[in-house]
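Below: one structure, written as structure tokens.
The values are calculated or read from the model by the stated rules, or taken from the named source; none is laboratory data. Since this is a predicted model, take the numbers as computed values, not measurements. Here the Cβ positions follow ideal geometry from the backbone for every residue, glycine too, while neighbour counts run over all protein chains shown. Side chains are part of the model used for accessible areas, which takes the heavy atoms of the whole protein and leaves out ligands, DNA and RNA. Shrake-Rupley method; radii C 1.70, N 1.55, O 1.52, S 1.80 Å.
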Amino acid sequence: MKNKRHSTPDDAESIFSNHYKSFVPLPGHQLGATDSAHGVFFGRAGKHTVAIKPFSGEDALASAEHEYGMLETVRNLGFQTLKPMRVVNTANALAFLLTEYQENLTTLSTVLPRDNHSTTKLLQTASKHLGEIHAAHVTHGDAQTKNHGIDSTEKPMLFDFERGGSDTIGHVRSDPYAHDMRSLMQSLAYARYGGPHVETAAERVFEDVVEPYVSSIGSETYSTGQKPIDVGINSIDCFVNTRNRLMTPD
């Protein structure tokens, strides 16, 4: 399954506004750390406040529809994620995914720098949540901390399923379950999670990420032939290697 990401033009919001005449921008709204990565913007569309994610390139419409379908799949499985509203196709090889605006939503990447007991609990909950989604044979495709949401009641959610997939429709990523865990571990390494000492930090990510992840799945084997415990333990190598690389002078 192909799912490429193209750079989005700076005037994507203007193009959308010209196409969707009733759209009213709300520039004061935001969604954690994900906005700048994809040029997400916000506004009123009819009676709804929405987040709008632009897609560009020859596969823009297919990519937007794919993410819409993934959000529907995840919600139908009982997991919390953004509510997809519609896909809007425009000229200039641009398409837009509209999701219902989620108030009081932050991201795991935003709270990690606090590094306290509350942070640890949130990371454990997010790791368990990722394991539960994997147990449903769904993968995210880019499970960095910036794509793990936390609502006002501290319930976990995943969003930005642009590269998501399932055993039913296929996966965008090769080795998708392991890729999700490596993405999470790499983002934790960049955040220096666990403190300055790599060995101690590796022990923490085992306790705070691997153990809750594995405990939520059990002993089943993924469609890739891997067991969750192996996926979890192998991902620690990614964490350690990334931390060591960051500590090594150029």
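Given a 1.4 Å probe and every protein chain left where it sits, what share in percent of the accessible area of the chain is carbon and sulfur?
On the way: 5640 of 11810 Å².
Here carbon and sulfur together make up 48 percent of the probe-accessible area.
What is the gain in length, in nm to one decimal, between Ala93 and His197 on full extension, counting 0.36 nm per residue of separation less the C-alpha to C-alpha distance?
Values: separation 104, 0.36 × 104 = 37.44 nm, distance 4.74 nm.
Full-extension gain reported as 32.7 nm.
Suppose accessible area is computed on protein heavy atoms with a 1.4 Å probe; arrange Val198, Val205, Val87 from highest to lowest. Write out the running numbers ahead of the final one.
Values: Val198 20, Val205 0, Val87 45 Å².
Listed by decreasing accessible area, they come as Val87, Val198, Val205.
Stretched out fully, how many nm does the piece from Thr49 to His19 gain, at 0.36 nm a residue minus the Cα gap? Let's see the in-between values first.
Numbers: separation 30, 0.36 × 30 = 10.80 nm, distance 1.73 nm.
Here the segment from Thr49 to His19 would lengthen by 9.1 nm.
Put +1 on the Cβ of each Lys and Arg and -1 on the Cβ of each Asp and Glu in the chain; which of Val198, Leu82, Gly131 then has its Cα farthest toward the positive end of the dipole?
After comparing all options, I get Leu82.
Taking the dipole about the Cα centre of the chain, with the C-beta of Lys and Arg at +1 and of Asp and Glu at -1, give me whichever of Val210, Thr99, Phe23 is farthest to the positive side.
Of the options given, the answer is Phe23.
What per residue convex hull volume, in Å³, comes out for the stretch 58-159 when only alpha-carbon positions are used?
Roughly 107 Å³ of hull volume per residue.
In degrees between 0 and 90, to the nearest 10, how far off the longest principal axis of the chain does helix 60-76 point, with axes built from Cα atoms?
Computed tilt is about 60 degrees.
How do Val111, Val40 stack up against each other in accessible area, from largest to smallest, with a 1.4 angstrom probe?
Val40, Val111
So I have [x] 6, 25, 25, 19, 14, 7, 3, 1; [y] 7, 31, 34, 21, 7, 0; [z] 6, 28, 31, 25, 9, 1, 0, and one of them is P(r) over Cα pairs in 10 Å bins from 0, in percent calculated from this model. Which one is it?
[y]
Probe radius 1.4 Å, ligands and nucleic acids left out: which of Leu77, Leu97, Leu61 has the largest accessible area, and how do the rest follow?
Working: Leu77 90, Leu97 5, Leu61 60 Å².
These residues rank, largest area first, as Leu77, Leu61, Leu97.
Gain in length, Glu65 to Ser118, computed as 0.36 nm per residue apart minus the alpha-carbon separation, to one decimal in nm? Let's see the in-between values first.
On the way: separation 53, 0.36 × 53 = 19.08 nm, distance 3.63 nm.
Answer, rounded to one decimal: 15.5 nm.
Rounded to the nearest 10 degrees, what's the angle between the helix 117-135 long axis and the longest principal axis of the chain, both from Cα atoms, 0 to 90?
On a 0 to 90 degree scale, this one is about 80.
Quick one: of Lys47/Lys128; Lys53/Lys128; Lys83/Lys128, which pairs are farther than 24 Å apart, Cα to Cα? Write out the running numbers ahead of the final one.
Details: Lys47/Lys128 35 Å; Lys53/Lys128 27 Å; Lys83/Lys128 22 Å.
Exceeds cut-off: Lys47/Lys128; Lys53/Lys128.
Using a basic spin-label model with each label point 7 Å from the Cα along Cα→Cβ, how many nm lie between Glu154 and Ile229?
3.0
Work out the length of the dipole vector of the chain about its Cα centre, built from +1 on the beta-carbon of each Lys and Arg and -1 on the beta-carbon of each Asp and Glu, and round it to the nearest 20 debye.
Using only the charged Cβ atoms, the result is roughly 400 debye.
Using only Cα atoms and rounding to the nearest 10 degrees, what angle (0 to 90) does helix 176-190 make with the longest principal axis of the chain?
80
So, for the chain, what is the accessible surface per residue at a probe of 1.4 Å, expressed in square angstrom? Before the final figure, lay out the partial values.
Numbers: 11810 Å² over 250 residues.
Value returned for the chain: 47 Å² of accessible area per residue.
Please list 3J(HN,Hα) in residue order for the stretch 101-111, calculated via the Karplus relation 6.51 cos²θ - 1.76 cosθ + 1.60 where θ = phi - 60°; whole Hz, with x for glycine and proline.
Per residue, the Karplus-derived 3J(HN,Hα) values read 5, 9, 6, 6, 10, 10, 10, 4, 4, 6, 8 Hz.
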